[in-house]
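Asker: Dropping a structure here in structure tokens format, bear with me for questions.
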Amino acid sequence: MRIPGLWAAALLAAMAAHAQEGVKPQVQPPAFRLGEVATPLEYGATLAIDPKATEFSGEVRITMRINRYTPVLWLNATGLTIDSAYFEQENRSLPVSVVAGGDDFVGFAARGPHFSPGIATARIRYHGSYERASRGLFRQEEHGDAYVLSQFESIHARRAFPCFDEPGWKTPWRLIVDAPSSEVVASNTPEMRATAAPGRPGWTRHEFGPTKPLPSYLVALAVGPFDVVDGGTAGAKKTKLRYLALKGRGAETRWAKEVTPRLLQILEEYFGIPYPFDKLDTVSIPQSSGFGAMENVGLITYSSSLLLATPREETASFRRRYASVAAHELAHMWFGNLVTLAWWDDTWLNEAFASWMGDKVIERYRPEWARGWSVRYGRSYALELDRLPSARRIRNPVADKNDLSGAFDSITYQKGAAVLSMFESWFSPETFRQGVRIFLKRHALANATSEDFIRALGEASGRGAEALAMFRGFIEQPGVPLVDIALDCTGEPAALALEQQRLRPAGVAAMELAWTTPLCVRYGSWTQCADIGNGKSFLPLTQPACPSLLVANAGGKSYYVARYARALGERARSQPDLLSANEVVGALIDVRVLAESGLAPVSDALAWTDTGLAHSSPVARLEAIELLHKQRDVWLSPADATTKREIIARRVRPLAAAMTWSEAAAETEDERELRPRLMSFAAEVDDDGELRGRARELATAWVANHDAVPATLTPAVLDTAARFADADTYARLEKAAIATTDRRERRYLLTALGKVREPTLRSPMLELSLKEDTNGYDAAELLEAALADDTNRRVAFDFLRANYAAIGAKLPQSALASQIVWLMEPLGDLCTRDERALFVDFFKERVPRLFGGPRAYQQALERIDICVAAHGSP
């Protein structure tokens, strides 16, 4: 915080006056939270924004209630210069001095009597610079056009105006934005009037209607030369929809315009509450960092790659991804926006519910999109973190800024959604929905906690404390249950021998935890559920005959990992098409986690891979290929290496020969999404080089004419061509990466180049990240791809260590921490003791200075330790 020198002198005089009165003013800022000294009641903010400039200015008027006597009133503010500040209370002016408060606070010290209990009004004028990273008010350019957008979650509203920047304070806001008349301006509410901006020729003043009570992180605005596409109306209240596309790209909102109204309608039907706000704008961001979309009230922002697509780029994958993300963001309008978490320890009330609800909406909208896809994405990400000793709870304390970064991870999103899905089935879908409706109606336009939701669920279900304790067991402690399951058919009826414990990988220490788990198994058309605790138990089957097939996780969605006894697993694997897509995908993910954790032999993983590749679902085949790819040759015993070669010969090569690098008109969407991963892997294990050569030909043709390769196949073709590039192919791809101005194409090319394997080409590939015409974000993209590649990981890590300062200098300081934290994630796949020592030596002293660094470091280190223990790497 920067303070004019005269104000600092005035502060010293005020402190002396207070000392004479025998009262020592509080001049130390809060440690993290503002406390309850004051409560905001209403905001009015006026901002002057020119996207072509580097700075903005503003005035914020805050009506507040002072709750107790205080010599200094603290607000949140980051990177803002305070130009003037005026306070009034009970029709008298309160002279104040501005107090520096470090990175997150600004104080206002009374120069006379203390602030006293009652209503007060502050008027603060200030200015600041636009952020380069996508947080606060940030500025970006696209093809020479400049845009200013906002991203305030979780603690970045303070970068746009001094405020009470915590979610528990929901307050009406009234925004006014002055901007050059050529710019489109949007905010949370409809624009009420547009007039000439006072004192600014050629500018327009945009006055927006008052919002309903909002926390600061949901306030939003967008300024720039957007194409504005009318989306008509949707929902029970005929809510007006618009799509704000980057200049010249309005036609690329076609899919969003088609699908968004239906998603909104499905959500209204489930919640029994109409869309709760006045309008809905869908806005594209040129490039986001650290998030893909943001659920601002009435103004949802999306990274342009999620929202915009030409007819060629509007693939099945693009359509499904936008619909999934949009369903998630729209669900937030109820979970998060209508009812808002009281503090960030309940982030799951926003994100887990939106993820769970998004999956439900997609299943209703396009049932075929739910067959295997949601399990594949959600379960995999959740278990990868939840197996670690450092795994946090779904509902996790947030006591400092580093805790905030961890609150938005796959535990919150994917594990939270899986737990909700499991208990929805356990309580019954209708009962669960009734609990959701009670919760939303009771706390509409206010804040709520986990306890409030659990109370509503108990009321709807009529279940006692024991049932709700089961639910708490999954949201208030970390980890995932491991259930060993065997079938005993020696008596009548047949029975299951079960044993539950915490999944604890080899090589790390984690405390034992206990759950009461809703276990559901399927045999034939019969599903049987039971609540099981830790330790051994015996479950008689309700059907008398010994089943020929038993699935340990019916539907594949319950949140536990099943470890089959050998004979039972062989029965399940021998009948792949009797397993649903969700069930086989869930089993493939579970056995991968077990094998990676040293809790199941690699032979089990390979056996399930064979089953997945034999399944009729392309999604199951896709997950099986991923599992096969992860079984690195250096880890395999001679017998396992032989098995892997046999699976490739029997399953992968014939499938690749049938599909080829060319799409067929009669294919399903799922088949088209399988082809890129299948052909890429088949080329890796290609004996004669034919598939690699064809990929190089296609990549060369694509550089000259993008229509030469279907959009669905483009990343896989470029990846394969780069992985096995000769000097000429490498030169073509590098030249294309440097020349392109299209963000999507550049990402494809840089990600591909990061996979180059020819030793003589690795050095120029890595040095590309240091070239003057490669910006910091592109450098990080290239390095992340290289670090994620098993062959290039160590070489890329050596390069990162040697050039850390130079790479860091290319990034905005505001984005440095997040980018380095992202680069640590693939380093968790290092797998030797020597590599572990290098990782610790390099990062141990650096991570405390990185926002989110300590947790990312701990997670990566635990993964390395597990890999070393599981695979015996020297």
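Asker: Using a Förster distance of 56 Å, how high is the FRET efficiency between THR121 and ARG801, based on the Cβ-Cβ distance and rounded to 0.05? Could the numbers behind the result be given before it?
Answerer: Values: r = 54 Å, r/R0 = 0.97.
Computed FRET efficiency for THR121 and ARG801 comes out at 0.55.
Asker: Something else: Count charges around LEU594 for me, please; just the other residues with Cβ under 12 Å from its Cβ, Lys/Arg as +1, Asp/Glu as -1.
Answerer: Details: positive: ARG387, ARG504, ARG563, ARG592; negative: ASP484, ASP590, GLU596, ASP604.
Summing Lys and Arg as +1 and Asp and Glu as -1 gives 0.
Asker: Run the 1.4 Å probe and let me know the accessible area of VAL184, rounded to the nearest 10 Å².
Answerer: 40 Å²
Asker: Another one. Using a ≥ b ≥ c from the Cα gyration tensor of region 328-410 (square roots of the eigenvalues), is it rounded, prolate or oblate, where a/c under 1.5 gives rounded and otherwise the larger of a/b and b/c decides, a/b for prolate?
Answerer: Working: a/c = 3.60, a/b = 1.32, b/c = 2.74.
Oblate shape, in that a/c is at least 1.5 and b/c is the bigger or equal ratio.
Asker: Can I ask one more? Antiparallel versus total DSSP beta bridges in the chain: what percent is that, nearest 5?
Answerer: Close to 80 percent.
Asker: Expressed in nm², what is the orientationally averaged projection area of the convex hull enclosing the Cα positions of region 107-185?
Answerer: Across all orientations, region 107-185 yields a mean hull projection of 7.7 nm².
Asker: Normalise the Cα radius of gyration of region 558-695 by 2.2 N^0.38 Å (N = residues in it) and let me know the number.
Answerer: Relative to the rule-of-thumb radius for its length, region 558-695 sits at 1.05.
Asker: Solvent-accessible area of TRP426, probe 1.4 Å, all protein chains present, reported in Å² to the nearest ten, please.
Answerer: 50 Å²
Asker: OK, next. Using a 1.4 angstrom probe on heavy atoms only, work out the carbon and sulfur share of the accessible area of the chain in %.
Answerer: Within the chain, the accessible surface is 51 percent carbon and sulfur.
Asker: If you take all C-alpha pairs in the chain, what percent of them are over 53 Å apart?
Answerer: Across the chain, Cα pairs with separations above 53 Å total 16 percent.
Asker: Out of all DSSP beta bridges in region 257-372, what portion is antiparallel? Express it as a percent rounded to 5.
Answerer: Roughly 25 percent of the DSSP beta bridges within region 257-372 come out antiparallel.
Asker: How far apart, in nm, are the 7 Å Cα→Cβ label points at GLU55 and SER662?
Answerer: Result for the modelled spin labels: 6.2 nm.
Asker: Where does helix 416-427 land angle-wise versus the long Cα axis of the chain, in degrees 0 to 90, nearest 10?
Answerer: 70 degrees
Asker: Helix 5-20 sits at what angle to the longest principal axis of the chain, using alpha carbons and giving 0 to 90 degrees rounded to 10?
Answerer: With rounding to tens, the tilt is 80 degrees.
Asker: Now for a different question. Would you please classify the overall shape of region 467-528 from the alpha carbon gyration tensor, given that a ≥ b ≥ c denote the square roots of the eigenvalues, rounded means a/c under 1.5, and beyond that prolate means a/b larger than b/c while oblate covers the rest?
Answerer: Taking the square roots of the gyration eigenvalues as a ≥ b ≥ c, region 467-528 is oblate.
Asker: At a Cα cut-off below 20 Å, give the lysines reachable from LYS247, other chains included and same-chain residues fewer than 8 away excluded.
Answerer: LYS52, LYS257
Asker: Further question: Can you give the extra length, in nm with one decimal, that the chain gains between VAL840 and ALA641 once fully stretched, where that is 0.36 nm per residue apart less the Cα-Cα distance?
Answerer: 68.4 nm
Asker: Treating the angle as unsigned and between 0 and 90°, give the value, to the nearest 10°, between the Cα long axis of helix 254-271 and the longest Cα principal axis of the chain.
Answerer: Approximately 90 degrees, to the nearest ten.
Asker: So what's the convex hull volume per residue for the Cα atoms of region 174-315, in Å³?
Answerer: In region 174-315, the Cα hull volume divided by residue count equals 128 Å³.
Asker: Find how many whole Å separate the alpha carbon centroid of region 397-423 from the alpha carbon centroid of region 302-317.
Answerer: Taking the Cα centre of region 397-423 as reference, the centre of region 302-317 is 28 Å away.
Asker: Now for a different question. Run the quick spin-label model on ASP103 and ALA701: label points 7 Å from Cα toward the beta carbon, then report their separation in nm to one decimal.
Answerer: 5.2 nm
Asker: Can you work out the accessible area per residue across the chain, with the rest of the protein chains kept in place, probe 1.4 Å, in square angstrom?
Answerer: 37 Å²
Asker: If we restrict to alpha carbons, what Rg and Dmax does region 700-829 come to, in Å?
Answerer: Rg and Dmax of region 700-829, Cα atoms, are 14.1, 40 Å.
Asker: So what is log10(I(q)/I(0)) for region 74-231 at q = 0.08, 0.15, 0.16 1/Å, when the Debye sum runs over its Cα atoms only?
Answerer: Each listed q corresponds, in turn, to -0.27, -0.93, -1.05.
The values are calculated or read from the model by the stated rules, or taken from the named source; none is laboratory data. Computed from a predicted model, the values in this text were never measured in an experiment. Glycine also receives a Cβ, built like all others from the backbone with ideal geometry; neighbour counts cover every protein chain displayed. Accessible surface is based on the protein model in full, side chains and every heavy atom, while ligands, DNA and RNA are left aside. Shrake-Rupley method; radii C 1.70, N 1.55, O 1.52, S 1.80 Å.
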